[in-house]
Amino acid sequence: MAEVRARLGTGCAHCGLAVPPERRAIGSAPAFCCGGCETAHGILRAGGLAQYYALGERRAAPVRPTGRSYDEFDHAAFEELYVSRRADGLATAELYLEGVHCASCVWLVERVPLLEAGIARAELDVRRSLLRVEWDPRAVPLSRIAQVLDRLGYPPHPFHGVAREAMRRREDRAALVRIGVAGALAGNVMLIAFALYAGDLQGMAPGERQMFRWVSLVLTLPALLFPGRVFFTGAWAALRTRALHMDLPIALALAAASVRGALNTITDSGPVYFDGVTLLVFLLLVGRYLQQRGQRAATDAAELLLSLTPRMARVRQDDGALRDVPTEALLPGMLVEVGAGQVFPADGTVVHGQSSVNRALLTGESVPVAVVPGDVVAAGSENVGAPLRVRVDAAGSASRLARLLAEVEANARRRAPVVALANRLAGVFVALVLLLAAVTFLLWVGRDTALAWDHAIALLIVTCPCALALATPLAVSVAVGRAARAGIYIKGGDALELLARPGIMVLDKTGTVTAGRHDLVAWDGDPRWRPVILALEEGAAHPVAEGFRRAWPDLAPASLEGVRHDVLGGVSGRWDGREVAIGSPAFVASHGAEITGWRERLAGAAVTPVLLAIDGQVVAVAGFGDPVRDGARDALDALRARGWQTHLLSGDDTAVVTAVADALGFAAHQVIARATPEEKLARIRALRAGAGVRAVVMVGDGVNDAAAMTAAHVGVGVHGGAEASLLVADVHLTAPGLAPLQRLVEGATRTLGLIRRNMLWAVGYNAVGVALAMSGRLSPLVAAILMPVSSLTVVLGSWLGRSFVAAPVATTAASPATRHRRAA
């Protein structure tokens with residue numbers, strides 16, 4: 001339709017959308033829907049890119065340039081983070097572009113070098129909206145390139161994680177090349193093996209048989225020397241460091257089978273094992289690649305910090321001008337402007353303005369805190385009231401948020417003992433296999449050296465730790481996949497094993513066992529005052545205002561005059577010639593109202609009071625609280641019945657936390673209130689120290705829970721949680737409430753049972769295989785067949801096992817508490 005309008009002359013000459021009447025051109029002059037499209041059209045015409053308008057598929061969206069100067073793109077701190085210098089003097093950077101839609105966007109963006117001298121190359125990945133640009137910094141600054149892109153309708157942003165992405169691409173490319181080469185060689189060797197097996201059954205000319213054996217050898221050698229080299233490298237490292245691990249028996253099996261096959265090929269006697277060798281290399285490489293991909297769910301503190309603080313900060317310079325700079329360039333003493341709804345980029349002190357700050361992600365406090373000049377604010381907290389000017393006290397790695405996230409990273413590293421235990425067990429298994437292979441050789445070498453070699457190789461092949469290595473990770477992988485389909489995302493199998501046994505479960509309050517929002521939970525007053533309240537709170541972004549609007553969505557606001565917002569307490573105005581004020585008791589009292597008796601009207605509930613006064617008389621009292629999630633008590637009781645010990649740990653006020661704890665059945669000694677993130681971390685460490693063999697699980701949703709979650713044996717991030725807590729969590733629950741937590745524990749218990757069955761089968765298979773090989777009843781060829789059969793058995797057992805089930809369909813019936821709130 002946009003193209004039709006453009007051809008008929010009724011649409012924008014650039015994007016083809018409808019042109020407003022006031023912008024329609026007179027005569028044959030082109031018309032534009034907005035100034036942005038007119039600017040972009042002029043740039044393309046002047047740059048000789050008018051053929052853009054002949055493309056069949058074109059972006060049908062107006063150009064909305066931001067008008068930014070992008071001066072921060074030329075800052076030294078920005079260059080250090082996002083720009084790479086080449087030996088020929090050119091610079092490269094990767095930028096994320098807004099507004100990328102189709103092939104015409106690729107055509108246009110990649111011709112930006114024609115519009116600005118000094119740009120050497122521009123390459124756009126349309127799937128990721130990622131632009132790689134190369135330019136000469138001596139001829140054109142990056143800020144000017146960004147301005148050109150912005151005027152064309154593609155505002156650019158720095159792409160975080162450039163170095164990490166480049167390293168991962170290199171690793172993935174190398175791994176996929178190894179897998180591809182190993183797969184191609186294994187496929188060809190397997191085809192030749194089929195011919196040899198058929199020849200053994202139906203007969204084959206000796207010359208053809210020998211030729212096939214030599215071709216197999218020639219194809220096997222590169223499989224061992226190139227893709228299979230990683231196993232020999234790992235085995236050599238194990239020998240040098242005197243730390244036995246799984247690569248050593250794999251390398252020995254591959255080497256022994258290959259050498260034996262090569263000798264049999266040269267002497268034209270006995271079987272060759274090249275099909276088993278090449279297939280083993282291919283399958284092991286695939287498994288290693290999948291394991292590496294799964295391990296990338298772990299995150300580092302630097303990326304975590306970027307997810308919580310803004311990338312840019314607006315700095316007020318000495319001459320009063322404002323300039324955007326990267327947050328990494330902030331220094332103590334700088335003045336930054338933080339608007340309403342923005343996140344503080346650094347720790348600092350308020351020097352101008354009054355507002356309220358939402359610190360829930362950092363402290364767990366459910367109520368925004370008022371700040372005035374002289375008060376301290378923290379990086380990562382949100383300014384929800386009015387603009388503030390803040391003097392930077394600490395930025396980057398020196399901020400409280402960065403120190404907290406450094407604790408997260410340090411605690412994540414301290415989980416290494418689990419890995420060390422697995423390595424020690426692997427070392428015992430490897431040593432036992434090598435010992436049994438040597439014993440087998442010694443038992444048979446006195447009778448027949450060739451048989452001794454065959455039986456020892458058969459033992460190494462049949463005990464190749466594929467089935468044993470698959471027993472746990474495969475069951476975990478299937479369980480993780482099914483859990484994901486049920487809305488439970490699990491990052492590691494160790495979490496499943498720990499959750500399968502009853503332990504100590506510590507839960508945050510705000511956003512975890514409660515809804516994490518301000519709801520109207522108590523009301524005492526005539527309903528006719530509700531439209532007046534909605535009118536006073538109209539347009540306000542404060543949580544209390546949003547709570548009133550959620551409570552009465554169908555009411556129309558009254559008509560008021562002279563509405564005045566005081567960010568420290570409430571709102572006042574005139575209604576029908578009468579003075580009205582709504583806010584905290586102190587705010588209403590400051591407007592001359594008598595406020596005695598409001599506590600009795602709320603029946604002593606642990607809520608945030610909001611009073612409405614008209615002409616100095618309190619006519620209504622509202623109570624706001626963070627409601628307990630539906631079904632939370634049932635889920636907690638089910639966990640307690642399974643043997644779990646539950647604790648409540650919160651940064652909120654003592655009275656509020658106590659009320660929630662009583663409603664959910666927590667004992668007094670299991671409840672801690674007003675806990676800072678550092679105190680939460682200390683509490684988890686203390687519980688771990690006294691837990692013995694039991695696991696300590698931390699369930700939370702905020703940045704204030706992140707360090708505690710990594711210090712616990714298992715961290716669980718709940719639905720709606722902060723990005724930081726979800727990134728460090730071992731488990732992420734995507735459905736609201738605590739019912740998913742109950743399903744997580746039940747699914748983990750079933751998965752552990754499946755793992756035990758798989759391990760029993762793998763150990764039993766290895767025991768039988770060792771007995772057959774040592775007794776001479778197992779040839780290397782049969783061992784090569786049994787090895788994948790055992791793995792297949794584990795695969796089928798894991799796939800058919802019952803671990804996680806889909807979540808039950810939610811009903812629409814409201815709980816009694818919900819119905820009561822709606823009635824209010």
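Peptides 145-151, 751-757, 317-323 ranked from most to least packed by the mean count of surrounding Cβ atoms within 10 Å: 145-151, 751-757, 317-323. When the stretch 312-398 is described by a simple charge dipole with +1 on each Lys and Arg Cβ and -1 on each Asp and Glu Cβ, the residue from 377, 392, 353 located farthest towards its positive end is 353.
Between the C-alpha center of the stretch 731-772 and that of the stretch 480-533 there is a gap of 26 Å.
Residues whose amide H falls under 5 Å from that of residue 647, counting only those 5 or more places apart or on a different chain, are 505, 506, 507, with hydrogens built in the peptide plane. First check a/c for the stretch 639-748, with a ≥ b ≥ c the square roots of the eigenvalues of its C-alpha gyration tensor; if it is under 1.5, answer rounded, and if not, answer prolate when a/b is larger than b/c or oblate otherwise. Verdict is rounded for the stretch 639-748. Here the stretch 312-398 exposes an accessible surface that is 52 percent carbon and sulfur, computed with a 1.4 Å probe and the other protein chains kept in place. For the stretch 312-398, the convex hull drawn through the C-alpha positions has a volume of 83 cubic angstrom per residue. Residues in the stretch 44-53 carry Karplus couplings, in order, of 5, 5, 5, x, x, 10, 5, 5, 3, 6 Hz; the curve used is 6.51 cos²θ - 1.76 cosθ + 1.60 with θ = phi - 60°, and Gly or Pro positions show x. Under a Cβ-only charge scheme (Lys and Arg +1, Asp and Glu -1), can you give me the dipole magnitude of the stretch 189-276 about the Cα centre, in debye to the nearest 20? Rounded to the nearest 20 debye, it is 360 debye.
Across the stretch 519-625 the C-alpha pair distances fall into 10 Å bins from zero in the proportions 15, 55, 29, 1 percent. Highest mean packing comes first when the peptides 248-261, 171-184 are listed by Cβ atoms within 10 Å, giving 248-261, 171-184. For the stretch 312-398, the Cβ-based charge dipole about the Cα centre amounts to some 100 debye (Lys, Arg positive; Asp, Glu negative; other atoms uncharged).
Quick check on packing: order 134-143, 501-510 by the mean number of other C-beta atoms within 10 Å, highest mean leading.
Numbers: 134-143: 16.5, 501-510: 23.4.
Averaged packing, sorted descending, gives the order 501-510, 134-143.
Within the full protein context, the accessible area of residue 538 is estimated at about 110 Å² for a probe radius of 1.4 Å. Computed over the stretch 55-159, the Cα gyration tensor eigenvalues convert (square root of 5λ each) into semi-axes of 23, 14, 12 Å, ordered from largest to smallest.
Dipole orientation for the stretch 55-159: of the candidates 141, 100, 67, 100 has the Cα lying most toward the positive pole (charges on Cβ; Lys, Arg +1; Asp, Glu -1).
The C-alpha atoms of the stretch 180-232 occupy a region whose extents along the principal axes are 38, 16, 14 Å, arranged from largest to smallest.
Rounded to the nearest 20 debye, the dipole size of the stretch 55-159 about its Cα centre is 360 debye, using +1 on the Cβ of Lys and Arg and -1 on the Cβ of Asp and Glu.
First select every other residue whose beta carbon is under 12 angstrom from the beta carbon of residue 565; then total the charges, Lys and Arg +1, Asp and Glu -1.
Values: positive: 564; negative: 537, 538, 566.
Spelling it out: positives minus negatives among the neighbours equals -2.
Over the stretch 312-398, average the accessible area per residue using a 1.4 Å probe and give it in Å², no decimals. Can you show the working numbers first?
Numbers: 3630 Å² over 87 residues.
That works out to 42 Å² for each residue.
The values are calculated or read from the model by the stated rules, or taken from the named source; none is laboratory data. Everything numeric here is computed off the predicted structure, so don't read it as measured data. Cβ sites come from the backbone with ideal geometry, for glycine too, and all protein chains shown count toward neighbours. All accessible areas refer to the heavy atoms of the entire protein, side chains included, with ligands and DNA or RNA removed. Shrake-Rupley method; radii C 1.70, N 1.55, O 1.52, S 1.80 Å.
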